[in-house]
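These notes are about the structure you will find just below.
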Amino acid sequence: MPRVSSYFRLFAVFLLVLAGVSVAGATPAQAATQDITISLYRVVELSCDEGAGEACGNDYYPKFEIDHQGLFDGRDTYCCAHGADIRTNWVRTATVDTSHNPVDIQMQLWDQDDLTQDDPIRWTKSGSADLNLRFDLNTCTFTGSGLTPQQGADVPTLAGESEGSGEDSARGYFTITTPFCVGLADTVDSDGDGIMNTWEVDGKGLDFDKDGTPDLPLGDAAYGAVPYRKDLFVEADYMAADKPQPGALTDVVNAFAQAPVDEYPDPGNPAKKKYRGINLHAVEGESLPNVTPLTFYSSGPGPQDDFNDLKSGNPAGPCTGFFGTPADRSSPNCANILQAKRQVYRYMIFGNSYAESPGSSGSSEWSAAGPQGGNDFLVTVGSWGTLALNNVGGRRNAEASTFMHELGHTLSLGHGGDDFANCKPNYLSVMNYTLQFANNDSARPLDYSSAAKRTALGTTPATVLDEASLNENNGVHGTPADPARNTVYGIGGKLRVAPATNGPIDWNGTNGNTEANVPADINYISSIGPADQFGCSATSPGQTHDGFDDWAHIQYNPRLNTTFFADGARPNLPPELTEETVLAMSQKADLAIAKSADRPDAAGGDTVRYTTTVTDLGPGTATDIRVTDTLPDATTQQRSLPDLNNGAVATVTPGFTYQVPCDTKDGTVLTNRVTVTGTDTDGVPDPYTDDNKAQATTTVHAPVLTVDKSATAAVNAGEAITYTITYANTGSGDASGVTVTDTLPAGVYYSQALDLGTGPEPASVTLNGDGTRTLVWNIGAVPANSGELRIVFTARPTLLAPAGTTYTDTVSVSYRNAAGACTFAPVTDSATTSITVVPPTRDPLSQGFWKNHEALWTAEFLARIQATDQRYDTDRNGALSVSEGTAAFNGSNAPKSILGKQLLAAYFNLATRRINAGTAISSRTTQSLGLGNVREAVIYAQDTLLLPVNSGTSPRYSAIIGVLDDINANRIEVYGPSSASRSRG
């Protein structure tokens, strides 16, 4: 909200005074008489016309009349004062009757001439020499002669000024005081500058110790303050090597003098407005010891290494630092003088650098929460190099701009006006990083934003810039003039400059400049750090940017923020522009890099080739260009490129390549990253790093085979086990050379002739030396994402397997990728089958019976026998036929043949569940042979058949033939305690 005029703000005070209410302990005049003192203490010559024979300038003297008590002619007493701007001792006091209130006062200004009559000086609006005023003894205000509040009228300033025009014209400064009014004015700040009226009245001042003698006469010539125009005081000390350039402080003083504050009608044209401006007293102080870097945020460990040490001394004393002038500090009244100055003055140092942010332009006291302003600041461009200073218009401009920026912080202004949001396109102020210097806008005046100058943009809800929905047709919702201004903003993090206008601005860099509802992060400028809430180099989409009227919201009083006023630690100060950032903003070569891969998709063993190009987006030549490429395996390679002119494109050679390792997982996205660095011809690095990096991706497609093996959980000995092999390629790459290898355990028999499965049949079956069998399927190619594929086959366990025997079958799938370049580790699985037993019928049949009853030889019984013993499969087709069984039973009477017949009969008895492998047997012979059950007897027989028949083996043949004959005749079985059978020997 604009600052309410200080004059209207005091209206309530005046009403209280008029009503006779005490103000700050003062009491309205009650005496019958009052002493009024008037002083015409300063004259500024505007025009001189002495006529023939007399030389300019004029010779001035006053005439006074108070309360119609007669005109006092000061020609003899005060004549004459000479000069273009003179301070006088013209004072007149009169005692007046209070019943005459308001009191008439007349002041005249004359030029004494030797050759002609004295001339009246035109120093009033009407062009007269007579300034006629009426002074109210109660309100302590004067009116008359067309004077305005900006000239001291209508407010209890006790001082005023009047100005004429034309020949022999001048501006005169005067005071009107009474004892009561001096007390009243000591509590009133009519112009709102934080300085009480009495402090600024000529001949009065700030009496800090209340001893009746002013300690700081701000209205006197040495200071030049007036109570009806805003005054600001800054003591500007400097380190010896960092003395400000001539004119730097003057530039800032002039900017404040032209400030659009305290509006009043133009006397020459009431339809126009004029502004009183601000009287900035920025006084170049004294040389300080060189302290580099200087600690600013807090106290340093040394006796003279921080800002507070220099300002107040260490240990701090009333007169031990450099605050104030040497004359102040040597005065017997030093403590009171400096305490008085502290109430009014801000203190700053021109230095080389400060410890908390080397290379920064400066720092100042500012708080995000009000009162925001402080009273101390630094300007530290002394460490900057020539290039940076030249980029901002030279050292004088750098010092003036930074001085006004840092002073602005102590006046409560943030980087976004009333906040710390930086780089707002609609905030046209020296407080904005983008406009602190004129490097982005050559027409940028040294100025804060102002509604009067049409630079306070975005101050209503309808004109703010909403990054979520920008209307390009309205730009910044305002068009400053006199001068026209630029707006600075970001597109994709890159600094852009365009005329500040209520017309089209392309906020997003696409589709022209007339889009009505576009999102854009317009205060993201990657070259302007820091990358936090105080800078612009961090993305911040979706913000709403309002402007601000800086001049209307200045915090003049340096005493309001008690933390800063105490001159202690300064926590949480905002960072400021650095030399690096200034160089980055002016950088002249913007590199962009692009990368592509020749294979968006690849398989293990493939070589991916990358193409990398670098473009100089200008506007100048790029040098020292270095490309760093990071391959998918994190190894890096570097290339250097020759200089590139604006717009030039270079392809990096030799190119970068990468061979895809075979162990790369399916679906892996291989990312090849590349970065480029470079400088402009001044050696400044490219700050726009968002397009200084690029990447290309390739997706790896590999076969991923899975396998699952299942088997019948439990079967009786000799019965078929159904095995199912389920395999699939779940990968996105084709597989080749797929081979399924199944290993049946010893004791489990497979033949294609007996295979009851749905297939496919194995390409090969191999009996291994350890009794296991290997089945191999040569599948070949399996496409990507094949879905489930199956192999179903059957195999049979031997009839000799005891109850509880487990058989584990293992499957393995090996494969390569489509090109065959990569062989992958096989995938495996296994399944287990347990052997169960049904109770035998306990009625085995003899060899003769089985020989003569072929009708009982079912295919299933024959298959069970084949799985147990393949000796009878004489044609080796994997199946026992009836004819092969008949042939075995019709064999000769040789021991081998007889034993083979008895063994085959035993197999039939086992296959038909008349006996089990675990059926116990007992006879003298079995005991002598160590045989305890059918299984052991059959195995003994099998082993015997491997032996030749001779005199040494004949007893063995005879014994086992007898045992098998007894088993087949059910003579030696022992079926358990409940069995009715008995052993026969």
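Values in this text are rule-based calculations from the coordinates and carry no lab data. As the structure is a computational prediction, the values presented were derived from the model and not from experiment. Please note: Cβ atoms are built from the backbone with ideal geometry, for glycine as well, and neighbour counts cover all protein chains shown.
Separation of the stretch 392-467 and the stretch 723-757 by C-alpha centroid, Å?
Measuring centre to centre over Cα atoms gives 79 Å.
Determine, from the Cβ-Cβ distance of residue 518 and residue 132 and an R0 of 56 Å, the FRET efficiency 1/(1 + (r/R0)^6), rounded to the nearest 0.05.
Calculated value: 0.30.
Give me the net charge for the shell around residue 953: Cβ to Cβ below 12 angstrom, other residues only, Lys and Arg +1, Asp and Glu -1.
On the way: positive: 896, 956; negative: 943.
Summing Lys/Arg as +1 and Asp/Glu as -1 gives +1.
More than 25 angstrom separation, counting every C-alpha pair in the stretch 495-648; what % is that?
60
Please label the shape of the stretch 6-228 as rounded, prolate or oblate, based on the square roots a ≥ b ≥ c of the eigenvalues of the alpha-carbon gyration tensor (a/c under 1.5 means rounded; beyond that, a/b larger than b/c means prolate, else oblate).
prolate
In Å and from the alpha-carbon atoms only, list the Rg and Dmax of the stretch 239-394.
18.5, 61
Which whole-number percent gives the relative contact order of the stretch 200-322, counting Cα pairs below 8 Å spaced six or more residues apart? Show your work: numbers first, answer last.
Numbers: 203 pairs, mean separation 23.2, N = 123.
Over the stretch 200-322, the number comes to 19 percent.
For residue 646 and residue 165, compute 0.36 nm times the residue count separating them, minus their Cα-Cα distance, and round to one decimal in nm. The partial results should precede the final answer.
Values: separation 481, 0.36 × 481 = 173.16 nm, distance 5.90 nm.
Result: 167.3 nm gained on full extension.
Between residue 222 and residue 54, with labels modelled 7 Å along Cα→Cβ, what's the label distance in nm to one decimal, could you check?
3.6
Using each residue's phi in the stretch 642-659, evaluate 6.51 cos²θ - 1.76 cosθ + 1.60 at θ = phi - 60° and report the 3J(HN,Hα) Karplus result to the nearest Hz, with x for Gly and Pro.
x, 4, 10, 7, 3, x, 6, 10, 10, 9, 6, 10, x, x, 9, 10, 8, 8
Would you please give the FRET efficiency between residue 497 and residue 563, computed as 1/(1 + (r/R0)^6) with r the Cβ-Cβ distance and R0 = 30 Å, to the nearest 0.05?
Efficiency, rounded to the nearest 0.05: 0.20.
How large is log10 I(q)/I(0) at q = 0.09, 0.13 Å⁻¹ when the Debye formula is applied to the Cα atoms of the stretch 705-830, each weighted equally and without solvent?
-0.26, -0.53
Using the alpha carbons of the stretch 404-470, what is the convex hull volume per residue in cubic angstrom, as a whole number?
97
Over the C-alpha atoms of the chain, what are the Rg and the largest Cα-to-Cα span, Dmax, in Å?
54.9, 180
Listed here are the pairs 63/230; 595/693; 63/273; 453/588; 272/424; 424/588; which of them are more than 21 Å apart at the Cα? Don't jump to the answer; show the numbers that get you there.
On the way: 63/230 29 Å; 595/693 9 Å; 63/273 33 Å; 453/588 32 Å; 272/424 31 Å; 424/588 23 Å.
Distance filter (> 21 Å) returns 63/230; 63/273; 453/588; 272/424; 424/588.
Out of the trypsin sites (Lys or Arg not before Pro) in the stretch 835-928, which ones are loop residues according to DSSP with at most 11 other C-beta atoms within 10 Å?
Answer in residue order: 876.
Ratio of Rg to Rh for the stretch 800-923, alpha carbon only, Kirkwood? Intermediate values should be presented prior to the final figure.
Values: Rg = 20.3 Å, Rh = 17.3 Å.
That ratio equals 1.17.
Give me the net charge of residue 871's neighbourhood, meaning all other residues with Cβ under 13 Å from the Cβ of residue 871; Lys, Arg count +1, Asp, Glu -1.
Value of the local net charge: -2.
Label point 7 Å out from residue 958 along Cα-to-Cβ: which residues of the stretch 886-916 have amide N under 14 Å?
Counting backbone N atoms under 14 Å from the label point, the list is 895.
Using 13 Å as the cut-off for backbone N distance, which residues of the stretch 410-448 belong to the label zone defined by a point 7 Å from the Cα of residue 538 along Cα→Cβ?
Residues 421-422 fall inside that zone.
For the pair residue 951 and residue 792, how long in nm is the line joining their label points, each one 7 Å along Cα→Cβ?
That separation, rounded to one decimal, is 6.1 nm.
Go ahead and collect, in residue order, the members of the stretch 152-173 whose backbone nitrogen is under 15 Å from a label point 7 Å along the Cα-Cβ direction of residue 116.
Only 167-169 pass the distance filter.
With a 10 Å radius around each residue's Cβ, average the other Cβ atoms per peptide and rank 597-604, 720-727, highest first. Walk me through the numbers before you get to the answer.
Working: 597-604: 18.2, 720-727: 20.6.
Packing order, densest peptide first, comes out as 720-727, 597-604.
In a shell of Cβ-Cβ distance under 10 Å around residue 674, excluding residue 674 itself, what net charge do Lys and Arg (+1) and Asp and Glu (-1) give?
For residues surrounding residue 674, the net value is +3.
For the chain, take the longest principal axis of its alpha carbons; what is the angle in degrees between that and the long axis of helix 934-945, to the nearest 10 within 0 to 90?
With rounding to tens, the tilt is 70 degrees.
If the chain between residue 752 and residue 484 were fully stretched, how many nm would it gain, using 0.36 nm times the residue separation less the Cα-Cα distance?
Separation in residues times 0.36 nm, less the Cα-Cα distance, equals 86.8 nm.
Using a Förster radius of 25 Å, what is the FRET efficiency between residue 942 and residue 776 based on their Cβ-Cβ separation? Nearest 0.05, please.
Details: r = 28 Å, r/R0 = 1.13.
Rounded to the nearest 0.05, the efficiency is 0.35.
Let's see if you can work this out: charge +1 on each Lys and Arg Cβ, -1 on each Asp and Glu Cβ, no other charges. What is the dipole magnitude of the chain about its Cα centre, in debye to the nearest 20?
7840
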